[in-house]
1. Does residue 399 satisfy the criteria of being at pLDDT 75 or above and either surrounded by fewer than 20 Cβ atoms within 10 Å (Cβ to Cβ) or assigned to a helix (DSSP H, G or I) (or both)?
2. Criterion first (free of Cβ contacts under 8 Å to residues at least 60 places away in the same chain and under 20 Å from residue 120 (Cβ atoms)) does residue 73 satisfy it?
3. Mind checking whether some residue in segment 24-38 is at pLDDT 85 or above and either under 17 Å from the mean Cα position of the chain (by Cα) or closer than 26 Å to residue 217 by Cα (or both)?
4. Yes or no: residue 141 more than 15 Å from residue 24 (Cα to Cα), modelled with pLDDT of 80 or more and in contact with a helix residue (DSSP H, G or I) (Cβ under 6 Å, 6 or more places away or on another chain)?
5. Check 277, 210 and return the single one that is without any contact (Cβ under 8 Å) to a residue 24 or more places away in the chain and part of a helix (DSSP H, G or I).
6. Go over the candidates 250, 265 one by one and state the one that is more than 18 Å from the chain's Cα centre (by Cα), assigned to a helix (DSSP H, G or I) and in contact (Cβ under 8 Å) with a residue 40 or more places away in the chain.
């Protein structure tokens with residue numbers, strides 16, 4: 001069924017470079033906007049725009065990966081991110097940032113789906129959760145290093161230097177995308193790019209998929225604080241951009257440290273207990289943040305949130321890949337991305353309104369509430385299902401298995 005498989009090392013290195021680019025630039029865009037006089041509501045809208053195009057096109061991008069493979073979609077996505085960074089560097093206005101951020105989000109979507117499918121292609125089913133853990137570890141490495149590099153660049157060279165530096169990093173990303181080997185694809189794809197929504201509805205009816213997507217939405221809604229008002233809160237307590245980068249990087253470091261052990265943890269505890277524990281940890285980490293005002297406690301809270309992200313992301317990836325046949329992996333991951341982007345579009349705007357009316361601490365309490373609801377849903381319904389999903393294609397009846 002498969003052609004020559006891509007080396008895991010190439011996929012992991014490709015993932016590291018594109019996530020490094022994202023995390024050098026995006027943590028400081030809210031600060032960049034604030035420096036140009038943007039209100040909290042405007043910051044929330046700008047952050048939401050980074051997920052707006054991915055929200056509309058995630059399913060189509062997934063179908064593109066199924067039809068053409070990870071390498072072409074990866075190269076197209078790198079080119080899109082390069083254009084976005086050029087706009088961010090050249091047009092320092094609300095409009096320029098909004099357009100650049102939106103394109104950056106679209107490119108990030110393509111890279112995310114392409115690399116997730118590359119991992120699924122070289123993974124045996126029994127090793128899939130473990131390999132997604134290793135893949136996510138490399139992603140976390142980029143998330144650790146990126147904010148620190150970005151913070152240093154802002155402190156010493158200013159915001160335009162951040163966007164110029166990531167343009168340079170597009171070169172190795174493009175080279176690594178070119179090295180991803182194509183999987184032999186069927187002559188008649190299971191779905192087309194323009195009929196993807198019809199096939200997506202069929203996938204949504206498969207057993208357990210709705211619960212996985214609900215968990216993904218709730219978790220990403222709580223975690224979207226990290227991308228929007230978390231840097232602003234850290235600035236209000238008097239931390240420099242470099243220290244802000246270190247604190248955000250601390251969360252990414254714990255994500256990286258827990259992810260190599262995902263496979264063993266699933267074998268020992270199961271999917272549902274791990275997901276419930278991770279969302280509970282995120283609830284506490286987010287909820288206590290507005291009560292903290294110094295570097296060390298804030299870094300510890302960030303580390304707790306990072307550990308939660310380190311568990312939930314690879315588990316939901318693995319569960320979505322297990323739920324469908326290989327010819328629909330891209331579409332399944334595109335659906336997961338659609339749900340996650342819906343969360344990252346809606347919640348920063350809601351957080352922005354709350355911050356404007358009630359202060360920045362209110363957004364953290366809402367985020368903690370979101371994670372608490374997700375934990376309760378997992379405990380109520382996830383334990384019953386036990387996340388034992390059959391690997392089925394669209395030819396299966398959506399009602400089979402309950």
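1. No, not satisfied.
2. On the way: free of Cβ contacts under 8 Å to residues at least 60 places away in the same chain: yes; under 20 Å from residue 120 (Cβ atoms): yes.
Criteria met by residue 73.
3. As a first pass, look at segment 24-38 and keep what is at pLDDT 85 or above: 24.
This time we only want the ones that are either under 17 Å from the mean Cα position of the chain (by Cα) or closer than 26 Å to residue 217 by Cα (or both), so: 24.
Yes, some residue in segment 24-38 is at pLDDT 85 or above and either under 17 Å from the mean Cα position of the chain (by Cα) or closer than 26 Å to residue 217 by Cα (or both).
4. Details: more than 15 Å from residue 24 (Cα to Cα): no; modelled with pLDDT of 80 or more: yes; in contact with a helix residue (DSSP H, G or I) (Cβ under 6 Å, 6 or more places away or on another chain): yes.
Considered against the rule, which asks whether it is more than 15 Å from residue 24 (Cα to Cα), modelled with pLDDT of 80 or more and in contact with a helix residue (DSSP H, G or I) (Cβ under 6 Å, 6 or more places away or on another chain), residue 141 comes out as no.
5. On the way: 277 fails: without any contact (Cβ under 8 Å) to a residue 24 or more places away in the chain.
Unique residue meeting the criteria: 210.
6. On the way: 250 fails: more than 18 Å from the chain's Cα centre (by Cα).
Sole residue among the options that is more than 18 Å from the chain's Cα centre (by Cα), assigned to a helix (DSSP H, G or I) and in contact (Cβ under 8 Å) with a residue 40 or more places away in the chain: 265.
To keep it simple, each residue is scored yes or no on (1) modelled with pLDDT of 80 or more; (2) in a helix (DSSP H, G or I).
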site	(1), (2)
4	no, no
9	yes, yes
12	yes, yes
20	yes, yes
45	no, yes
52	no, yes
58	yes, yes
92	no, no
97	yes, yes
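The values are calculated or read from the model by the stated rules, or taken from the named source; none is laboratory data. Being a predicted model, the structure only gives us computed values, none of them experimental. Methodologically, a virtual Cβ is constructed for each residue, glycine included, from the backbone with ideal geometry; neighbour enumeration extends over all protein chains shown.
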